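Laboratory data are not the source of any read-out in this text; all were calculated from the coordinates shown. On a predicted model such as this, the values are computed, not experimentally measured, just so you know. With ideal geometry, Cβ positions are generated from the backbone for all residues, glycine too; neighbour counts draw on all protein chains shown.
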Amino acid sequence: MVGLDLEDLPAEALAESGGHGAAISPTVRAYIALTKPWIMGLLLVTALGGAFLAAGGPPPLGVTSWVLLGGALMSGGASALNNYLERDIDSVM
């Protein structure tokens with residue numbers, strides 16, 4: 001993974017799982033970073049806003065859950081694919 005520095009990941013987001021002292025492994029941290037969670041968060045907020053507008057108020061919980069899950073999976077997959085396809089350009093930057 002070109003350009004991925006595990007030390008630059010946000011510590012508060014990836015510090016420890018569940019407060020039981022079990023640190024997240026570097027491999028899991030790398031996979032999480034590959035999905036670009038900050039960009040994903042922005043996209044999910046936008047999708048949630050669109051769901052509210054489309055429903056004319058609060059959308060049903062089931063629909064909202066599926067929209068957010070699908071949006072997170074698609075955003076993470078697109079970010080991972082982008083990292084792979086642009087690895088040669090990113091190594092120059």
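Below are the figures for this structure:
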item	result
Gained length - Ala30 relative to Phe52, 0.36 nm times residue gap less alpha-carbon distance	4.6 nm
Potential lengthening between Ile89 and Trp66 on full extension [0.36 nm per residue; Cα-Cα distance subtracted]	4.8 nm
In order through segment 83-90: 3J(HN,Hα) via Karplus (6.51 cos²θ - 1.76 cosθ + 1.60), integer Hz, x for Gly, Pro	4, 5, 5, 9, 5, 6, 6, 5
Packing-based ranking, highest mean first, of 40-47, 56-63 given that Cβ atoms within 10 Å are counted	40-47, 56-63
Segment 22-93: Cα Rg divided by the 2.2 N^0.38 Å rule of thumb	1.38
